[in-house]
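Below is one structure, written out as structure tokens; the observations come after it.
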Amino acid sequence: MSSLVKFTPLWGARNEQPMCYLLEIDEACILLDCGWDESFDTRILPPIRDLKKLAARIDAVLLTHCDLMHLGALPYLVKECNLRAKVFATLPVQKMGQLTMYDIVQSRTAKEEFDVLSLADIDAAWDLFVQLRYQQTTSLTGKADGITISPLNAGHLIGGAVWKITKDSEEIVYAVDYNHAQDRHLDGTVLVDLPRPSILITDAYTALDKPFPGGKKAREAALLEKVQSGIDNGGNVLLPVDSTGRVLELMILLDEYWSVRNLRGVTLAFLSPESRSTVDMAMSQTEWLSKHVNHKFVQSRQNVFHFNHLKRCCTMQELRALPMPQVVLASGL
């Protein structure tokens, strides 16, 4: 017998706002992602009254990535709406996602009055997490009995997941913000290798973007050229970045460039309240990185996140103590 499946965008549809979707399979209610942005503006969310009713119905939450766009509103739903469902994610999404939330809350409280969320609110939400490995299948319970879920590699961010959701003969694949390309530290998504599902839920976030002429290598070369130009002209370079996601790829790129060009007289720094914890956590997640990175680590014990030039700064005071000129990756402060 086929299941009754209903998909409802709660926010983040038909625009580039953070995403949160409701998937109903018969009596079960599954929340797919729970994003917010750095404004923490409640006006982009449904009314609190509706959110409280929704939270009481949720049987499970599935998170795809460790950035604000995919999990930023989770502590708010736990704090204000009494969400108590289990939250399923890979280990890096859990750990790096928590650092993402710490980063933004500490950045906001350092420069203004901010009471939407606290570090304690984040910890309370993260107590609900259940860690899963790639391709590990687990069964949901309660109203969701009979449904199995499994995370698969999405590429894009460390631990990022494409979710396969199965009940009886119905197979649903939830895939957003995936990446087919091979990165310096991540393999591309396995989405193309999956059998055709009954339902595919995906996004078209970059569908209208024009490809950069020459592809990824040319795009990286253009960035490095701009950075070098700033240095050659005697200036400092500021690169706004996320706190735990694509910044990892950028740090590897720039640290390698510093070695090739022998830029010992130029400071390369990562400024974030959680900069040390972010890099330390990334170093401990080698099993979630690409086959190439893992092979290199096994052969030489060389960790791709052991940087020769990058300095980690948690405060502006630490950054100011470093020599000029500076190239700074900044996620906060």
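What does the charge count near residue 248 come to, summing +1 for each Lys or Arg and -1 for each Asp or Glu among other residues with Cβ under 10 Å from its Cβ?
Values: positive: 184, 246; negative: 183, 242, 249.
That sum, taken over residues with Cβ under 10 Å, equals -1.
Provide, for the range 199-298, the number of lysine pairs with alpha carbons under 25 Å apart, each pair being eight or more places apart or on different chains. Please report the intermediate quantities before stating the final value.
On the way: 210/226; 216/226; 216/291; 216/296; 217/226; 217/291; 217/296.
Here the count comes out as 7.
Would you work out what percent of the accessible area of the range 1-112, with all protein chains in place, is carbon or sulfur (probe 1.4 Å)? Working shown, then result.
Working: 2200 of 4590 Å².
Of the solvent-accessible surface of the range 1-112, carbon and sulfur hold 48 percent.
Express in nm, to one decimal, how much length is gained between residue 264 and residue 8 on full extension, taking 0.36 nm for each residue of separation and deducting their alpha carbon distance. Intermediate values should be presented prior to the final figure.
Working: separation 256, 0.36 × 256 = 92.16 nm, distance 5.29 nm.
Answer, rounded to one decimal: 86.9 nm.
Can you give the extra length, in nm with one decimal, that the chain gains between residue 298 and residue 169 once fully stretched, where that is 0.36 nm per residue apart less the Cα-Cα distance?
Separation in residues times 0.36 nm, less the Cα-Cα distance, equals 42.4 nm.
Charges only on Cβ, +1 for Lys and Arg, -1 for Asp and Glu: so what's the dipole of the range 1-154 about the Cα centre, in debye to the nearest 20? Could the numbers behind the result be given before it?
Working: 15 positive and 20 negative charges, 72 e Å.
The calculated dipole for the range 1-154 is roughly 340 debye.
Of 143/167; 86/143; 53/143; 86/167; 52/164, which ones are farther than 21 Å apart at the Cα?
Numbers: 143/167 12 Å; 86/143 13 Å; 53/143 16 Å; 86/167 19 Å; 52/164 27 Å.
Flagged as over cut-off: 52/164.
Grab the eigenvalues of the alpha-carbon gyration tensor for the range 221-330, scale each by 5, take roots, and send me the semi-axes largest first in whole angstrom.
On the way: eigenvalues 118, 55, 29 Å².
Gyration-tensor ellipsoid for the range 221-330: 24, 17, 12 Å.
Would you mind getting the accessible area per residue of the chain, heavy atoms of the protein chains only, 1.4 Å probe, in Å²? All intermediate terms of the calculation are to be shown ahead of the outcome.
On the way: 16120 Å² over 333 residues.
Normalised by residue count, the accessible surface of the chain is 48 Å².
Which trypsin sites (Lys or Arg not before Pro) from the range 1-68 combine a DSSP loop assignment with at most 16 other Cβ atoms within 10 Å?
On the way: sites: 6, 14, 43, 49, 52, 53, 57; in loops: 14.
Filter output for the range 1-68: 14.
Towards the positive end of the charge dipole of the range 151-252, with charges on Cβ (+1 Lys, Arg; -1 Asp, Glu), say which of 165, 241, 229 has the farthest Cα.
After comparing all options, I get 229.
Of the heavy-atom accessible surface of the range 145-219 (probe 1.4 angstrom), what whole percent is carbon and sulfur?
Numbers: 2090 of 3890 Å².
That fraction is 54 percent.
Could you tell me what fraction of 2.2 N^0.38 Å the Cα radius of gyration of the chain comes to, as a two-decimal ratio? Each step should come with its number before you reach the end.
Working: Rg = 20.7 Å, N = 333, 2.2 N^0.38 = 20.0 Å.
That ratio works out to 1.04.
Could you tally the net charge around residue 179, taking each other residue with its Cβ under 11 Å from the Cβ of residue 179, Lys/Arg +1 and Asp/Glu -1?
Working: positive: 216, 246; negative: 177, 183, 187, 249.
For residues surrounding residue 179, the net value is -2.
Which net charge results when you count Lys and Arg as +1 and Asp and Glu as -1 among the other residues whose beta-carbon is under 14 Å from that of residue 152?
Residues near residue 152 contribute -2 overall.
Please return the longest stretch of the chain lacking exposed loop sites, where GluC sites (Glu not before Pro) count only if DSSP places them in a loop and at most 16 other Cβ atoms lie within 10 Å.
Numbers: sites that count: 16, 27, 38, 112, 113.
Here the longest segment lacking exposed loop sites spans 114-333.
Among 200, 289, 152, determine the one that fluctuates most according to a GNM of the chain built with springs between C-alpha atoms less than 10 Å apart.
Of 200, 289, 152, the most mobile in the Gaussian network model is 200.
Residues with amide H under 5 Å of residue 64's amide H, sequence separation 5 or more or different chain, H placed in the peptide plane at 1.01 Å from N; which?
Amide H neighbours of residue 64: 33.
May I ask what percent, to the nearest 5, of DSSP beta bridges between residues of the chain are antiparallel? Walk me through the intermediate numbers first.
Numbers: 25 of 52 bridges.
Bridges in the chain are about 50 percent antiparallel.
So if I place +1 on the C-beta of Lys and Arg and -1 on the C-beta of Asp and Glu, and nothing else carries charge, what would the dipole magnitude of the chain be about its Cα centre? I want it in debye, nearest 20.
Numbers: 34 positive and 40 negative charges, 123 e Å.
Roughly 600 debye, rounded to the nearest 20.
What dipole magnitude, in Debye to the nearest 20, does the range 184-321 give about its Cα centre under +1 on Lys/Arg Cβ and -1 on Asp/Glu Cβ? Walk me through the numbers on the way to the answer.
Details: 17 positive and 15 negative charges, 65 e Å.
Computed about the Cα centre, the dipole is about 300 debye.
Pull out the extension gain between residue 198 and residue 111, defined as 0.36 nm times the separation in residues minus the alpha carbon to alpha carbon distance; nm, one decimal. Don't skip to the answer; put the middle values down first.
Working: separation 87, 0.36 × 87 = 31.32 nm, distance 4.86 nm.
Residue separation times 0.36 nm, minus the Cα-Cα distance, leaves 26.5 nm.
The values are calculated or read from the model by the stated rules, or taken from the named source; none is laboratory data. Just so you know, these numbers come straight off a predicted model, no measurement behind them. So basically every Cβ, Gly included, is an ideal-geometry build from the backbone, and we count neighbours across all protein chains shown. Heads up: the accessible areas ignore ligands, DNA and RNA and are worked out on the full protein's heavy atoms, side chains in. Shrake-Rupley method; radii C 1.70, N 1.55, O 1.52, S 1.80 Å.
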